[in-house]
Amino acid sequence: MKRNYSIFAFAALAAATLLSSCQAEVDKRGRWKEDRDSFTITLNCPASDSTRTDINGLNPVWKSGDAIWISDGVESTRATIPAEFDGKPYAEVNVSGVCKDSALYALYPYDENASIQSGRIIARIPTVQDGHFGQAHLAVGKGEAGTGTVNFHNACAVLKMNVTREDVWTMQLQTANLAMSNYFKLDPETGAKAANSDALKRVRLDIKGKKGDLYLSLMEVNLSAKTRFTFITGDGRRGYILTSQKNTLENGIMYDMGNIDNLITLDEKPATDLSEEESANCYIVPGGGSYRLRTVKGNSDVSVGDVAYGDVVWETVNTTTAPGKGAIATDVIYSGGYLYFNVPEDVPDGNALISACDASGNILWS
């Protein structure tokens with residue numbers, strides 16, 4: 001509702017009072033409060049049978065309590081799927097705080113840090129996931145102004161795996177140059193990746209003794225042959241699965257790896273704990289092998305914070321030429337309060353700086 005006013009201020013105090021009362025009635029775009037009253041929109045699940053379908057053979061459906069992020073491009077709000085639409089491919093939700101006369105953008109699951117940039121939704125695939133399917137399904141949508149309907153599109157690929165052994169705690173998928181998690185710019189009308197935002201080249205699954213089917217979401221990616229899935233067991237052993245061929249993972253498709261219990265090649269012994277006797281800022285590694293150290297601030301028992309993964313910051317081999325990454329330390333992974341890493345058997349003399357990072361890629365300690 002557009003309104004024009006002509007205001008003549010005869011006193012500074014009166015003008016200030018009037019201005020402050022008007023400011024309370026408009027949002028960031030200058031829209032009046034009554035233009036943002038509650039209204040109803042219809043949310044349609046992705047028109048595909050490749051998301052929730054592959055779990056039980058049903059069409060994609062909403063679950064009661066699913067939280068949806070909705071934005072008009074400036075303001076955003078949260079909508080929750082009512083119980084009456086549990087198990088249905090569509091849902092009607094009441095929203096407020098956004099403009100019903102604007103194009104509406106939507107994101108599932110809800111993320112308070114999501115935003116709109118140049119008509120794209122900036123949304124996040126978690127760097128650390130818990131294996132539940134609800135966390136492994138990212139969908140985006142857009143409804144044109146006045147339609148009252150938002151159609152969702154899949155915006156990630158999903159790996160499904162079955163685990164029945166109790167000793168597997170962590171799995172990490174990492175590549176040298178392919179972005180898989182954290183924030184991406186997504187086309188709301190197709191679900192396709194428009195650009196990287198603050199993307200990371202790894203994704204981690206916390207298993208911690210969970211049994212049954214587990215799910216991992218990641219951005220569409222081409223995995224080369226011999227891509228390594230790294231595992232850590234509860235007693236500190238390292239394991240891995242190597243892919244036998246190139247795999248193209250597409251948005252909206254679930255890839256079933258089947259039962260992986262016997263596919264994991266595990267070390268016979270746990271990784272050597274360099275911090276077993278005491279923590280330090282610097283450790284001496286005697287030679288090639290698998291090692292770990294506690295993620296505490298050196299010379300203390302104080303945690304460095306909520307660690308998502310580890311990385312190699314730099315390496316030197318006592319020459320004027322910098323070595324390639326992995327000359328000293330490789331395959332860094334975080335699990336259960338430790339950073340694990342491998343040292344090649346023919347390692348040259350040198351130094352490596354290893355960091356503990358949070359889920360956004362910030363270094364907590366090195």
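The values are calculated or read from the model by the stated rules, or taken from the named source; none is laboratory data. As the structure is a computational prediction, the values presented were derived from the model and not from experiment. When we count neighbours, we look across all protein chains shown, and the Cβ atoms used for this are built from the backbone with ideal geometry, even at glycine. For accessibility, only protein heavy atoms count, side chains too; no ligands or nucleic acids. Shrake-Rupley method; radii C 1.70, N 1.55, O 1.52, S 1.80 Å.
Return the single residue from Ala327, Ala155, Ala192 with maximal mean-square fluctuation; model: Gaussian network over the chain, springs between Cα atoms under 10 Å. The residue that fluctuates most here is Ala327.
Counting only lysines at least 8 places from Lys185 when in the same chain, those with an alpha carbon closer than 18 Å to its own are Lys142, Lys193, Lys201. Taking chymotrypsin sites (Phe, Trp or Tyr not before Pro) in DSSP loop conformation with at most 10 other Cβ atoms inside 10 Å as exposed sites, the chain has its longest uninterrupted site-free stretch at 11-366. Considering the values (1) 46; (2) 50; (3) 54, which represents percent of Cα pairs over 28 Å apart as calculated for the structure under consideration? Step by step, percent of Cα pairs over 28 Å apart for this structure corresponds to label (3).
Lysines within cross-link reach of Lys160: Cα-Cα under 18 Å, excluding same-chain residues under 8 positions apart? Hits, sequence-local ones excluded: Lys208, Lys210, Lys211, Lys246. If R0 equals 22 Å, the separation of the Cβ atoms of Glu112 and Asn362 corresponds to a calculated FRET efficiency of about 0.75.
Length gained on full extension, Cys282 to Ser38, computed as 0.36 nm times the residue gap minus the Cα-Cα distance: 82.0 nm. Here the accessible area of the range 153-215 is 44 percent carbon and sulfur, with a 1.4 angstrom probe and all protein chains present. Distances between every pair of Cα atoms in the range 208-329, grouped in 10 Å steps from 0 to the bin holding the largest one, split as 9, 29, 34, 22, 5, 0 percent. Measuring with a 1.4 angstrom probe and ignoring ligands and nucleic acids, Glu166 comes out at about 120 Å² accessible. Between Gln129, Gln117, Gln174, the Gaussian network model of the chain with springs among Cα atoms under 10 angstrom shows the greatest mean-square fluctuation at Gln117.
Accessible surface computed residue by residue for the chain, with neighbouring protein chains in place and a 1.4 Å probe, gives 50 Å² per residue. The angle between the Cα long axis of helix 12-23 and the main principal axis of the chain comes to about 60°, on a 0 to 90 degree scale. Computed from the C-beta positions of Ser244 and Ser96, the FRET efficiency with R₀ = 56 Å rounds to 0.60.
The range 151-192 and the range 305-337 have their alpha-carbon centroids 24 Å apart. Only protein heavy atoms count here; under a 1.4 Å probe, Arg120 has an accessible surface of about 90 Å².
For the residues Val313, Val61, a 1.4 Å probe over the protein chains yields an accessible-area ranking, largest first, of Val313, Val61. Here Met257 and Thr330 are evaluated by their C-beta separation; at R0 = 22 Å the FRET efficiency comes out at 0.40.
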